[in-house]
């Protein structure tokens, strides 16, 4: 009886150690956020290029200014359009749960949503800086070997993300992270479970002291020959004024 009891204690200890050794999926998602996003206020340039059947059909140039909100772990963002010329100095603001679009030509601002398409497969919510760990609850599904955006086999942890706030851009995301929790691939779904798009995070390079993806390839969920590239460049620390993050000050935003 004593031997059985000792064996049971040892077995419970082993099981407890195994459970304790399991990675925390929410912490993995936070680590992914830290790779995707600088923690201090910053600016970057984002280029969007849309292709259909291998031919370029449209492009946009954006300047993104991001700053963590004082009352949450989520970002407020001001996006300035820099190309094409017809869209120069148009603005989009994501502050808290709200999102606005501003046209300086008629000085009109309207409410918009993160789900609205901006160009090709890219929605408004894709171009703003977001911490996924703030908007989604993560579950670790397991490990998989997948082909990454560079067509190499990569061993990844697979997370299933379900939205935890109503303003999240997508209802559900399947996300693959490499062993250091850098994003490699993602599937984005609607509330009905339809696949909206697939994303590959690639061309990692150092930006503001961290190795980050500098390009995302986004493939339409229904038409795989419809592809949009997001390219990120010119990261820089930037003291984003609080007034830029309030819609009533749209007309006074002056970018140097």
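The values are calculated or read from the model by the stated rules, or taken from the named source; none is laboratory data. Values in this document were obtained by computation on a predicted structure and should not be read as measured data. Using ideal geometry, Cβ is built from the backbone for each residue, glycine included, and neighbour counts are taken over all protein chains shown.
Among the candidates 241, 213, which residue alone is closer than 24 Å to residue 29 by Cβ, touching a helix residue (DSSP H, G or I) at 6+ places or on another chain (Cβ under 9 Å) and modelled with pLDDT of 95 or more?
Result: 213 is the single residue among 241, 213 that is closer than 24 Å to residue 29 by Cβ, touching a helix residue (DSSP H, G or I) at 6+ places or on another chain (Cβ under 9 Å) and modelled with pLDDT of 95 or more.
Return the total of residues in the stretch 31-56 being part of a strand (DSSP E or B), touching a residue at least 40 places away in the same chain (Cβ under 8 Å) and under 21 Å from residue 118 (Cα atoms).
The number of residues fulfilling the criteria is 10.
At pLDDT 95 or above, more than 22 Å from residue 237 (Cβ to Cβ) and assigned to a loop (DSSP other than H, G, I, E, B): is that true of residue 60 in this structure?
Spelling it out, it is not the case that residue 60 is at pLDDT 95 or above, more than 22 Å from residue 237 (Cβ to Cβ) and assigned to a loop (DSSP other than H, G, I, E, B).
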